[in-house]
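*Asks:* This is the structure I have questions about; it appears just below.
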Amino acid sequence: MEHRSTSRDRIEAAVFRKLVSHLRSRSDVQNIELMNLAGFCRNCLSKWYVSDSAEAGESIEYEDARALIYGMAYDEWKSKYQTEPTVEQLEKFRAQNS
């Protein structure tokens, strides 16, 4: 395992918080758009949070991690902001993930 400086850990943590804050402020950007363009989405971040928490000896449930990333319960975010994907978005997603 790579040894990191406390300073680098603080910087990376701050960058992560800014990314999460930015994603929360951009509720107009759908997860499928993120997946199609960047290969990850808010749900991916939530899964990574759960995984890395477990590696650090902590335990967090997936839904709790999603609430941390989304800033609210996932079902609430979905009902407020999620739109139906377009045919083009679905086709691109399927092509990239098959």
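*Asks:* Residues Gly71, Gly57: which one is on the phi > 0 side of the Ramachandran plot and touching a residue at least 12 places away in the same chain (Cβ under 8 Å)?
*Replies:* Answer to the selection: Gly71.
*Asks:* Given (1) in contact with a Gly (Cβ under 9 Å, 6 or more places away or on another chain); (2) touching a residue at least 24 places away in the same chain (Cβ under 8 Å), where does Ser21 come up short, assuming only one miss?
*Replies:* Going through the list (1) in contact with a Gly (Cβ under 9 Å, 6 or more places away or on another chain); (2) touching a residue at least 24 places away in the same chain (Cβ under 8 Å), Ser21 breaks only (2).
*Asks:* Shifting gears a bit: Being of a type in the set (S, T, N, Q), touching a Ser or Thr at 6+ places or on another chain (Cβ under 8 Å) and surrounded by fewer than 15 Cβ atoms within 10 Å (Cβ to Cβ), is that true of even one residue in segment 74-94?
*Replies:* Checked against the condition, which is being of a type in the set (S, T, N, Q), touching a Ser or Thr at 6+ places or on another chain (Cβ under 8 Å) and surrounded by fewer than 15 Cβ atoms within 10 Å (Cβ to Cβ), segment 74-94 yields no hits at all.
*Asks:* Here are the criteria: (1) in contact with a Lys or Arg (Cβ under 9 Å, 6 or more places away or on another chain); (2) assigned to a helix (DSSP H, G or I). Tell me which single one Met72 does not satisfy.
*Replies:* With (1) in contact with a Lys or Arg (Cβ under 9 Å, 6 or more places away or on another chain); (2) assigned to a helix (DSSP H, G or I) applied to Met72, the lone miss is (2).
*Asks:* Identify, please: which residue in segment 14-55 is closer than 25 Å to Thr86 by Cα and among the hydroxyl-bearing types (Ser, Thr, Tyr) and is, among those, most open to solvent (accessible area, probe 1.4 Å)?
*Replies:* The qualifying residue most open to solvent (accessible area, probe 1.4 Å) is Ser25.
The values are calculated or read from the model by the stated rules, or taken from the named source; none is laboratory data. These numbers were taken from a predicted model, which means no experiment stands behind them. Every residue, glycine among them, receives a Cβ derived from its backbone with ideal geometry; neighbour counts consider all protein chains shown. Surface accessibility is based on the protein's heavy atoms, side chains included, excluding ligands, DNA and RNA. Shrake-Rupley method; radii C 1.70, N 1.55, O 1.52, S 1.80 Å.
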